[in-house]
Structure formats: structure tokens, C-alpha cells
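Single-structure report; data block below.
The values are calculated or read from the model by the stated rules, or taken from the named source; none is laboratory data. Model, not experiment: these values are computed from the prediction. Glycine gets a Cβ as well: all are built from the backbone with ideal geometry, and neighbour counts include every protein chain shown.
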Amino acid sequence: MAFHKINITINGGLEQVVVPSNMTLMQMLRETVALTGTKNGCSAGECGACTVLLNGEPVNSCMVLAVECDGAKIVTVEGLAGDKQLDPIQEAIIEAGGVQCGFCTPGILISSRALLDRNPNPSDEEIREGLVGNLCRCTGYMRIVVAVKKAARMKMVPAPVSMASD
Ligand code: FES
Ligand code: FES
């Protein structure tokens, strides 16, 4: 098995990590840098629980090799909140009751954040489309949709670390 040294920016901090060729980004986040907010629901690109932002775009981190992320910027759910303030989508999902078991929530938050960054005022249909890759077995999605609409109405905090220009 070959190993590779990669440089990767995670939630605004530059990390240098050594990864085997077959390690996924999800495994690296959870096992190498201990960011366990990114969840492993299926390891097969089906559930969206492992969604992170890769250079500003939401991806299933179980389907991306860590070695492919050399030089990339990653934002995980741990990177959404500021020092003293939750991201509006985090506040909104709490207020709307869009969390039950919470397993899908990190992926839902990341996908919602990405949706709101490209479409600040999405319709219900656009929200459901934006979250089509994120499965939730608990909520029935209605309160999640309410949360995204609520977040869209809230005053937006500065762009997350992935979106900030260099
Ligand atoms: S764990 Fe990656 S899509 Fe399910
Ligand atoms: S809150 Fe349980 S899977 Fe979504």
C-alpha cells in the first residue's frame, strides 16, 4: 500500500497528513483528524450523511479519495459555526425541530448551507431538490424545509471559511 503526504485546508486550518492510497476523505476526516461530525451512513454515496464542502461544493466524502484532496479546502459541519455564533442554518434547524436522531443532520446542514450560498431565497421545490442527496429516516423532511426557509430569512453571517476568498 502506498502512502501519500497531502496538504489540505480543513475548516480554515492547514493540515499536513499522510494517507494511504485507498483512504476516503470521510475516513481521513473521522479517523485521522478526529472530525467525527461527518457521519458514515452507507459508505456508498447513497445517504449524504458524509457530505462536506470540497472547494465550496457539497460532495459525498465517502466517494472521494483523500489523496485527491491535496491542496483542497474542506469545510465540515464543525466549520459552519463562528467562534460565538451558530450558522443561521444551524439555528434554524434547531428552532424548526428539524433534528430527531441527528445522524443525517451534519450532511443536511452542509447541503443546506451550499444551497443557500448559491440560491439565497429557494422555493420549497428548490430546497427539496437541493437536499435530494440527503436521506433522513426520522423527520419526514417537512421541518427541514421549514428550517432552510427560515435560515434564508435570517441575517446571514460572513461566508464560511470555504467560501472566503484567499
Ligand atoms: S456515507 Fe457517504 S453517502 Fe452515505
Ligand atoms: S434526524 Fe434521524 S435520520 Fe434525520
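Among the residues making up the range 9-24, those that are within 20 Å of LEU53 (Cβ to Cβ) and assigned to a loop (DSSP other than H, G, I, E, B) are ASN11, GLY12, MET23. The residue list CYS50, CYS42 contains one member that is within 16 Å of ligand 2 (Cβ to nearest atom) and within 12 Å of the chain's Cα centre (by Cα), which is CYS50.
Could you please let me know if GLY45 is surrounded by 17 or more Cβ atoms within 10 Å (Cβ to Cβ), within 22 Å of LEU131 (Cα to Cα) and of a type outside the set (Val, Ile, Thr)? So GLY45 fails the test.
Among residues of the range 5-27 being touching a residue at least 40 places away in the same chain (Cβ under 8 Å) and under 20 Å from GLY133 (Cβ atoms), the one that is nearest to the chain's Cα centre (by Cα) is LEU25.
When GLU46, GLU91, GLU78 are checked against the criterion of being at negative phi, within 15 Å of ligand 1 (Cβ to nearest atom) and of a type in the set (Asp, Glu), GLU46 stands alone in meeting it. When ILE94 is tested against (1) within 16 Å of ligand 2 (Cβ to nearest atom); (2) surrounded by 14 or more Cβ atoms within 10 Å (Cβ to Cβ), exactly one condition is not met: (2).
The set of residues in the range 97-110 being surrounded by 24 or more Cβ atoms within 10 Å (Cβ to Cβ) and either in contact (Cβ under 8 Å) with a residue 40 or more places away in the chain or β-branched (Val, Ile, Thr) (or both) consists of GLY98, CYS104, THR105, PRO106, GLY107, ILE108, ILE110.
In the range 131-151, the residues that are surrounded by fewer than 22 Cβ atoms within 10 Å (Cβ to Cβ) and modelled with pLDDT of 95 or more reach residues that are of a type in the set (D, E, K, R) and in a loop (DSSP other than H, G, I, E, B) with C-beta atoms within less than 8 angstrom, at least six apart or across chains, in these pairs: LEU135/GLU46.
Would you be able to say whether some residue in the range 16-38 is closer than 19 Å to GLY102 by Cβ and within 16 Å of ligand 2 (Cβ to nearest atom)? So far as the range 16-38 goes, yes, one or more of its residues are closer than 19 Å to GLY102 by Cβ and within 16 Å of ligand 2 (Cβ to nearest atom).
Picking from GLU68, GLU78, which residue would you name as being in contact with a Ser or Thr (Cβ under 9 Å, 6 or more places away or on another chain), acidic (Asp, Glu) and within 21 Å of LEU29 (Cβ to Cβ)?
Step by step, each of GLU68, GLU78 is checked, and only GLU78 is in contact with a Ser or Thr (Cβ under 9 Å, 6 or more places away or on another chain), acidic (Asp, Glu) and within 21 Å of LEU29 (Cβ to Cβ).
Of all the listed residues (ARG30, ARG118), the sole one being over 20 Å from GLU129 (Cα atoms) and without any contact (Cβ under 8 Å) to a residue 40 or more places away in the chain is ARG30.
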